[in-house]
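A short write-up of the structure that comes next.
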Amino acid sequence: MSNVSSVTAGSALLSEQNVFPVIVNTSYKTMGSIHFLPVDILLKICRRSQESTNHESANSPKDRPVDLTMPSEYIKLQLLTTLEPILRCLLAQVVAKDVLLKPHSSFNALDYLTLELYRNNPSKPERIDTVKSLEDINWVAEYWKSHPRKPLPLSWHLTRSEAATIIQKYWRGYSVRKQDEVQDLRRWQREWRLQKNYENP
């Protein structure tokens with residue numbers, strides 16, 4: 001099954017279980033062979049799944065049998081229970097780091113999801129304490145040895161306040177250096193250095 005049909009089938013499956021409204025023919029952004037669902041759809045998944053879970057827990061008997069062989073039950077109980085809080089934290093990070101307000105950012109959503117899903121694997125609870133970054137994952141560290149990442153530009157790491165501080169610092173320095181008395185002092189210092197170097201080669 002192709003990536004396009006997988007996304008469509010997944011949307012249809014979740015919509016049948018009232019996780020979010022029918023979005024079978026929705027548009028999504030494509031980059032190469034990777035397909036991205038819009039953020040609003042992800043928010044609807046989280047919101048509707050939470051409402052559905054709360055409604056069922058309040059109105060359904062506690063001993064209701066759960067059939068994990070059903071795709072809808074498996075997605076709801078095995079996948080969304082782990083994926084939903086991580087997606088919520090991801091969106092919080094995007095807002096906190098002003099990712100949507102800048103043309104470039106050092107925040108990598110795929111790295112964040114990879115790290116958090118690896119750390120919060122229910123079958124590996126010890127990873128929460130031992131894994132703090134992607135470099136702590138063995139297969140990631142091995143891959144980076146042969147495929148090192150290029151360093152990101154400094155501007156990608158700066159927050160809006162940090163960038164404003166650098167610009168203001170440069171402007172204050174320029175405002176002082178262009179004053180006539182400062183220009184005279186700098187000119188005298190330059191001539192004095194040239195004369196000193198000429199006398200003491």
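The values are calculated or read from the model by the stated rules, or taken from the named source; none is laboratory data. In this text, all values refer to a predicted model and were calculated from it rather than measured experimentally. Glycine gets a Cβ as well: all are built from the backbone with ideal geometry, and neighbour counts include every protein chain shown.
Being surrounded by fewer than 14 Cβ atoms within 10 Å (Cβ to Cβ), among the charged types (D, E, K, R), modelled with pLDDT under 85 and outside any loop (DSSP other than H, G, I, E, B) is a condition met by at least one residue of segment 51-71. Which one of L134, L113 is under 24 Å from Q78 (Cβ atoms), surrounded by 11 or more Cβ atoms within 10 Å (Cβ to Cβ) and under 17 Å from the mean Cα position of the chain (by Cα)? So the residue among L134, L113 that is under 24 Å from Q78 (Cβ atoms), surrounded by 11 or more Cβ atoms within 10 Å (Cβ to Cβ) and under 17 Å from the mean Cα position of the chain (by Cα) is L113.
Listed by position, the helices (runs of 4 or more DSSP H) inside segment 107-159 whose residues that are touching a Ser or Thr at 6+ places or on another chain (Cβ under 9 Å) and either under 19 Å from L80 (Cβ atoms) or not charged (D, E, K, R) (or both) number at least 1 are 109-119, 138-146, 154-157. The combined condition, being touching a helix residue (DSSP H, G or I) at 6+ places or on another chain (Cβ under 8 Å) and hydroxyl-bearing (S, T, Y), is fulfilled by S155.
Please name all residue pairs, on different chains or six or more residues apart, with Cβ atoms under 7 Å, provided the first residue is in segment 84-109 and is in contact (Cβ under 8 Å) with a residue 60 or more places away in the chain and the second residue is part of a loop (DSSP other than H, G, I, E, B) and surrounded by 14 or more Cβ atoms within 10 Å (Cβ to Cβ). Listed by first residue and then by second, the contacts come to K97/S105; K97/F107.
Filtering segment 160-190 to residues that are of a type in the set (D, E) and loosely packed, with under 10 Cβ neighbours inside 10 Å leaves D180, E181.
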